[in-house]
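Please read the structure below before turning to the comments.
The values are calculated or read from the model by the stated rules, or taken from the named source; none is laboratory data. Just so it is clear, the structure is predicted and the values come from calculations on it, not from any experiment. Cβ placement follows ideal geometry from the backbone for every residue including glycine, while neighbour counts extend to all protein chains displayed. Areas reflect the complete protein model, heavy atoms only, side chains present, ligands, DNA and RNA absent. Shrake-Rupley method; radii C 1.70, N 1.55, O 1.52, S 1.80 Å.
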Amino acid sequence: MADPVKIAFLGGLGEIGRNCAAIEIDNRLLLLDCGLMFPDEQMPGVDLVLPDFTWLRENADRVEGCVLTHGHEDHTGGLSFLLRELSFPIFGSALTLGLARSRIEEAGLLGRTELIPVVDGERRRIGPFDVEFIPVTHSVPHGFAIAFHTPQGVILHSGDFKLDLTPVDGRLTDMARIGAISYESGVRLLLSDSTNAEEAGHTHSESSVGKVLRDLFNEHHDKRVVAACFASHLHRIQQIADAALGAGRTIATLGRSMAKNVAMGREMGLLDIPDDRLIDIEKVGNLAPERVCVISTGSQGEPMSALSLMAAGENKWLKLGTGDLVVISAHAIPGNETSVGKVIDGLHRLGAEVVHSGIADVHVSGHAMQEELKTLLSVVRPEYFIPVHGEFRHMTHHTRLATAMGVAEGNVLLAEDGDVIELNDSGVTFAGEIPAGYLYVDGIVGDVGRGVLRDRRVLAEEGVVIVVVTVDAKSGEVLTGPEIITKGWVFAPEAEELLGEARAAVLASLEEAADSGGTDYETLRRHVRSALGRFVNERTRRRPMIVPIVMEV
Ligand SMILES: [Zn+2]
Ligand SMILES: [Zn+2]
């Protein structure tokens, strides 16, 4: 009887974001990624969303470390929060650690956190875990699939991957090694990226974007070029730079993370831009516009990003106009479409020409599509399969691909956030649940909570009506007020009459309460709230938040 192995899914199975799982062997835990998720419109004022760390906190002394598949924030962005309460070493490629460290540093936690770089193909022991880091191609360099060699056989996690046969840096997804593991020992369980499981066919190679960019630079040789992409997408940045350099242009970066990542990429030898062809953004004004290419952040339409400010005509260094070509070399991630649309609109208003992925092939996905997912399944030939990294529909489609590729139907598990699964001698089964709700972060304060979010939605959609009244504590007699203050319910100057009636309704309810002997604070508050709520609803068919403030003297 070999020891059982467990996997707890803390996030990423049911949404794109906050990817996090914990593998358990011999009572020890190894985290596999620890990411964040960006909020949608249903979460007003929320900066980011994290996995629920309650269970990890309760098991803090069992956490051996964290292995990172790659440097995207949906895999690393939760660390700076978790590390405030827990301390453990982090393993990943040098670039992954470089990208992850800035948030950890900002949180002041770098001093007590060990970052341990691993190289392609490395296999190492981390406590009872035997972990192998296998190169994969993705939209950030130096990503890994991770093989866990466990007492219950090999668990292979694909990481975020695609099968790019002509990657910009020549570093292929190591299908040979994956095939070797499959032949040598077999793969007990495959966990694989479901992001594009609904998309038929293959992703295009990242290098295909290079030619499109070169053509654009040729066509628009008389214009200044501003190109926006993800700051972590060093291969895209390299291709934009190559096209610009080839067209005799000088490059400037715009946006804090872009400047930082370009500097880091050059330092690590992952980006090749000669010193004399890179200038400060403050100096672009000294060059003829058609000799300049600005590489910028803001491809997701983030409100305060460089590109958004440019689109609003508010950037300090660059004023865009008819002499500019703006290339948005990215795809809006779900939830960001509207803001990206606004940015594109603003750029058109300024007279700039805009090329985005809907117009030309200036972007390719970093996630495997169906044919690639099937190829991986055919090489791995796993005994068991669990789709990860996706919304429920993505994972559902991925289970179909797995069964179509020969994984026995009973061996395909559709797990969700909070599920714990166990590998033992008789198979892979569900083995319990842990808390895995959303942890909403606003500013640097932890959980905002569902109640706060509900309040914010009501305030945003219906407004608030506040009523202030002072009553005699003994008799319940109204001494001052009621005064009614409203924001977002009705336009006050035009609603004097309505407010007067509302005051009368509140007064009547207080008298009624006093008559029936209810003079305690809670009873009065309740009376005021329901009377006013009823009045507001009857007269306006609206349901603003009602806040009664009853003062007793
Ligand atoms: Zn990724
Ligand atoms: Zn991801």
Quiz prompt | Cβ crowding within 10 Å averaged over residues, with 9-19, 196-206 ranked highest first | solution = 9-19, 196-206
Self-check item: Listed residues L414, F385, L459: farthest to the positive end of the dipole of the range 383-501 (Cβ charges)
Solution: F385
Quiz item: Hey, any idea what % of the range 350-499's accessible area is carbon plus sulfur with a 1.4 Å probe?
Solution: 51 percent
Self-check item: Dipole magnitude (debye, nearest 20) for the range 15-96, charges at Cβ of Lys, Arg, Asp, Glu
Solution: 260 debye
Quiz item: To the nearest 0.05, how large is the calculated FRET efficiency for E409 and T429 if R₀ is 22 Å and r is the Cβ-Cβ distance?
Solution: 0.90
Practice problem: Whole number in Å², please: accessible area per residue of the range 107-237, 1.4 Å probe, ligands, DNA and RNA not counted. | Solution: 37 Å²
Quiz item: Tell me, what is the FRET efficiency for E337 and E496 to the nearest 0.05, using R0 = 41 angstrom and their Cβ-Cβ distance as r?
Solution: 0.45
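At 1.4 Å probe radius, can you tell me the per residue accessible area of the range 404-537 in Å²?
Accessible area per residue, the range 404-537: 53 Å².
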Self-check item: Nearest 10 degrees, 0 to 90: helix 370-380 Cα axis against the chain principal axis
Solution: 60 degrees
Quiz item: Taking +1 at the Cβ of each Lys and Arg and -1 at the Cβ of each Asp and Glu, which of H138, G71, A94 sits farthest along the dipole of the range 32-143 towards its positive end, judged by Cα position relative to the Cα centre?
Solution: A94
Exercise. Could you point to the residue in S299, L31, Y438 farthest towards the positive end of the chain's charge dipole, with +1 and -1 charges on the Cβ of Lys/Arg and Asp/Glu respectively?
Key: S299
Quiz item: Cβ under 13 Å from G285's Cβ, G285 left aside: what net charge do those residues give with Lys, Arg +1 and Asp, Glu -1?
Solution: +3
Practice problem: In debye, nearest 20, what is the charge dipole magnitude of the range 243-368 about its Cα centre with +1 on Lys and Arg Cβ and -1 on Asp and Glu Cβ, if you could check? | Solution: 200 debye
Practice problem: Could you tell me the distance between the Cα centroids of the range 150-171 and the range 380-424, to the nearest Å? | Solution: 17 Å
Quiz item: Sorted by average packing, counted as other Cβ atoms within 10 angstrom per residue and highest first, what order do 298-304, 84-90, 451-457 take?
Solution: 298-304, 84-90, 451-457
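Apply the a/c threshold of 1.5 to the C-alpha gyration tensor of the chain and tell me whether it is rounded, prolate or oblate. Write out the running numbers ahead of the final one.
Numbers: a/c = 2.38, a/b = 1.36, b/c = 1.75.
It comes out oblate by the Cα gyration axes.
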Quiz prompt | Accessible-area order (highest first, 1.4 angstrom probe) of the listed residues L115, L307 | solution = L115, L307
Quiz item: Roughly speaking, to the nearest percent, how much of the range 117-235's 1.4 Å accessible area is carbon and sulfur?
Solution: 54 percent
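Quantify, in whole percent, the carbon and sulfur part of the accessible surface of the range 5-51 (1.4 Å probe; protein heavy atoms only).
On the range 5-51, the fraction of accessible area on carbon and sulfur atoms equals 45 percent.
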Quiz item: How much length is gained if the chain between L86 and D520 is pulled fully straight, taking 0.36 nm per residue apart and subtracting their Cα-Cα distance, in nm to one decimal?
Solution: 151.6 nm
Practice problem: Relative to the longest principal axis of the C-alpha atoms of the chain, give the angle of the C-alpha long axis of helix 392-404, reported between 0 and 90° and rounded to the nearest 10°. | Solution: 30 degrees
Self-check item: Whether the range 448-500 is rounded, prolate or oblate, judged on the alpha carbon gyration tensor where a/c under 1.5 counts as rounded
Solution: oblate
Exercise. Order the peptides 411-418, 382-389, 186-193 from the highest to the lowest mean number of other Cβ atoms within 10 Å of their residues.
Key: 382-389, 186-193, 411-418
Exercise. Scan around I546 for amide H atoms under 5 Å from its own, H built in the peptide plane at 1.01 Å from N, and keep only partners 5 or more places away or cross-chain.
Key: V465
Exercise. Report, to the nearest 10°, how far helix 175-184 tilts away from the longest principal axis of the Cα atoms in the chain, using its own Cα long axis and a range of 0 to 90°.
Key: 80 degrees
Exercise. Calculate, for the range 295-356, the solvent-accessible area per residue in square angstrom, rolling a 1.4 angstrom probe over the heavy atoms of the protein chains.
Key: 44 Å²
Exercise. Beyond 30 Å between alpha-carbons counts as too far, so tell me which of K162/K211; K342/K374; K211/K316; K162/K260; K211/K319 fall in that bin.
Key: K342/K374; K211/K316
Exercise. Mind putting a number on the dipole of the range 1-156 about its Cα centre? Charges go on the C-beta only, +1 for Lys and Arg and -1 for Asp and Glu, and I need it in Debye to the nearest 20.
Key: 360 debye
